[in-house]
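Scroll down for the structure; my scribbles are underneath it.
The values are calculated or read from the model by the stated rules, or taken from the named source; none is laboratory data. It should be emphasised that the depicted structure is a prediction, and the values quoted were computed from it without experimental measurement. Glycine gets a Cβ as well: all are built from the backbone with ideal geometry, and neighbour counts include every protein chain shown.
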Amino acid sequence: MNEFYVDLLPDDARRILRERASFRLVKLSGILALTIVTGVAINSYVELRNARAEYEVFAQLRDRASKIDEMVAKSTQERTTLRGEIAVDAILRSPVSASEIIATISHLLPEGSWLESMKISLEETKLAKGAISARPAYLILMNGIAPTPESVQELASSLRKTPPFTAVTVLEQRAAARTSGGSEQQFVMRARIDPTAAASAPAAATRPWAPAVTAHAASVEGGGVQ
């Protein structure tokens, strides 16, 4: 059975349908383009807002970091000043004078030995909260020359047996050539001074060679005593 289709739609109506279809296509394309442009604009706005917020946060952090650095520097400076004041106060109240320490070490130096430099500093100790150290200990750092390794050990042994020296340690010891020939021993020695032990021991009995002086010094640098 053969079927026949007859298009009875007039040509004008067919043209109108084609125009409407084209109009719908153009309209949909415009809506799609507008949607894309709107999405891009919204995304750009969000990114710009986020970037501005990040910049503001970064600027605030930078300002705060700068203020923190200033506070840390100020705190460090105040701490250094306070340490110096504590050291001076402790030295003034210490029963052991720097002159007495120098005289004691000079007396104990073996023959042919001398000190090139000596430094006395306040020992940093961590105390319990609220505790106050009335008599802080001191650290002595000595750089010297000795003729033999035995002389270095002799000096260390003598210091260990003499109050108020404690915790005597030879930090460095090495041979060095003399300008006149031969060799000598360069050494670095550290000792701790306990003012409590010095106060409990009679100076005349333990160090009869130590002078009775009241001058105090925080550090001694330069030529030693032979």
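Please enumerate the residues belonging to the range 157-184 that are among the hydrophobic types (A, V, I, L, M, F, W, C) and under 17 Å from Ile120 (Cα atoms). Don't jump to the end; show me each part of the working.
Residues of the range 157-184 that are among the hydrophobic types (A, V, I, L, M, F, W, C), as a first pass: 159, 165, 167-168, 170-171, 175-177.
Answer for the range 157-184, where residues must be among the hydrophobic types (A, V, I, L, M, F, W, C) and under 17 Å from Ile120 (Cα atoms): Leu159, Phe165, Ala167, Val168, Val170, Leu171.
What do you reckon, is Val26 over 30 Å from Ser183 (Cβ atoms), assigned to a helix (DSSP H, G or I), modelled with pLDDT of 90 or more and over 29 Å from the mean Cα position of the chain (by Cα)? Outline the logic, then answer.
On the way: over 30 Å from Ser183 (Cβ atoms): yes; assigned to a helix (DSSP H, G or I): yes; modelled with pLDDT of 90 or more: no; over 29 Å from the mean Cα position of the chain (by Cα): yes.
Spelling it out, it is not the case that Val26 is over 30 Å from Ser183 (Cβ atoms), assigned to a helix (DSSP H, G or I), modelled with pLDDT of 90 or more and over 29 Å from the mean Cα position of the chain (by Cα).
Considering only residues that are surrounded by 11 or more Cβ atoms within 10 Å (Cβ to Cβ) and polar (S, T, N, Q), which ones fall in the range 155-182?
Within the range 155-182, Ser157, Ser158, Thr162, Thr166, Thr169, Gln173 meet the criteria.
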